[in-house]
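Notes follow the structure.
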Amino acid sequence: MAPMGIRLSPLGMAVFCLLGLGVLYHLYSGFLAGRFAFFMLGEPEAARGAAGAVDLRELLAVCVEAAARGGAEVRRVREGNVLNEKAKGKTREGAEEKLTSGDLLSNRRMFHLLRAAFPGVQINSEEHVDAADQETVTWDRSIPEDIKSKIQSKEVPAESVTVWIDPLDATQEYTEDLRQYVTTMVCVAVNGKPVIGVIHKPFSAYTAWAMVDGGSNIKARSSYNEKTPRIIVSRSHAGKVEQVARQTFGNKTVIIPAGGAGYKVLALLDVPEENQEEADVYIHVTYIKKWDICAGNAVLRALGGHMTTLAGEEITYTGSDGNEGGLIASINMNHKALIEKLPNLEKTSHK
């Protein structure tokens, strides 16, 4: 009941209510419109992925796109013969590390695409990205049909995700025009475990991808030889591995020198390319960077294979960017037995 002497006019009440509704509309219309747009179109704002969940199927799709875009730059630079080659330092073994325009331009394309699509996800890349470089890159969020048909959406916390980029694997071979060894790679690790791997060959446009507990567009080969395996190794390590391997498996063991970690992992799988060599085991006996091996590790895990240190330890993709213990990779073989047969290689990795 109104206080004595004061009468509430119905017209006044109506005006008051309309004013209140106007204020509420002003405050919340933008929010409601944004939520409606998200419902209808998918969240468009640049901050998607900055907090909350990341859809691994979407992330796989953009990783495949990033590897292809980086590969296009790698191919363009090599075919135009404008490498602008220079040294960026030395490896622990004293070999000169090369840097080319292909490395830098591929890295720029790959990094900015991934950053634009998932700005809140940590990205580790082999090459430095200039903080002043604010290239505008867009991704239409379309998912290729082969990924749609094989992979279900799966969300994980954004803070658990680390993306590893190798914008040009096998730079040394790239400068020598040994194109078959060159790849661009992207890997996604969740809580340090590799779960998505993409390996793209720029000069043939072949791309292998796989997601752990998801699916893949590549398969393992049907036959392997455990007694006298074909072992693929870095060109500079062939001598170190050959002696130990032949002492262990016999003189018929084949050692395959090759460039690029991505190429070596593909050698373990069923790759429909004439210039792709085949091997049963991949061994690396010295320190190696994680962006070189993360994608291959994820692909092998997705297909039931293994990549560990030479001592048999799992490789974690968090923290430092290097793996100290060398590696041994295999698929459809007794991985533990391989490690036990090659104990001297583990000692070699620390030399």
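The values are calculated or read from the model by the stated rules, or taken from the named source; none is laboratory data. Fair warning: this is a prediction, and the values are worked out from it, not measured in the lab. For neighbour counting, all protein chains shown are included, and Cβ atoms are generated from backbone atoms with ideal geometry for every residue, glycine included. SASA here: full protein model, heavy atoms, side chains in, ligands and nucleic acids out. Shrake-Rupley method; radii C 1.70, N 1.55, O 1.52, S 1.80 Å.
Some points to look at:
- Cβ-derived FRET efficiency at R0 25 Å, residue 205 paired with residue 81, nearest 0.05: 0.80
- Eligible aspartates and glutamates near residue 227 by straight Cα distance, threshold 13 Å, same-chain separation 8 or greater: 280
- A protection proxy built from the mean count of other Cβ atoms within 10 Å ranks the segments 155-163, 169-177, most packed first, as 169-177, 155-163.
- Prolate/oblate/rounded call for the range 277-348, Cα gyration tensor, a/c under 1.5 rounded: oblate
- Computed extension gain for residue 159 through residue 178, at 0.36 nm per residue and net of the alpha carbon distance, reaches 3.0 nm.
- ³J(HN,Hα), Karplus 6.51/-1.76/1.60, whole Hz, each residue of the range 187-193, x for Gly, Pro: 10, 10, 10, 10, 6, x, 9
- Fully extending the segment from residue 130 to residue 337, taken as 0.36 nm per residue of separation minus the present Cα-Cα distance, adds 69.9 nm.
- Across the range 208-351, the mean sequence separation of Cα contacts (distance under 8 Å, 6 or more residues apart), normalised by length, yields a relative contact order of 27 percent.
- Spatially close Lys pairs in the range 58-212, defined by Cα atoms under 17 Å apart and a spacing of eight or more places or different chains, total 4.
- Counting heavy atoms of the protein chains alone, residue 340 has an accessible area of about 120 Å² for a 1.4 Å probe.
- Whether the range 165-236 is rounded, prolate or oblate, judged on the alpha carbon gyration tensor where a/c under 1.5 counts as rounded: oblate
- Spin-label model distance (nm) - residue 247 vs residue 316, 7 Å beyond Cα toward Cβ: 3.3 nm
- The accessible surface of the range 100-210, taken with every protein chain in place and a 1.4 Å probe, is 46 percent carbon and sulfur.
- Cα gyration tensor shape for the range 91-185, rounded if a/c is under 1.5, else prolate or oblate: prolate
- Take the range 139-254 with all the other protein chains still there, run a 1.4 Å probe, and you get 44 Å² of accessible area per residue.
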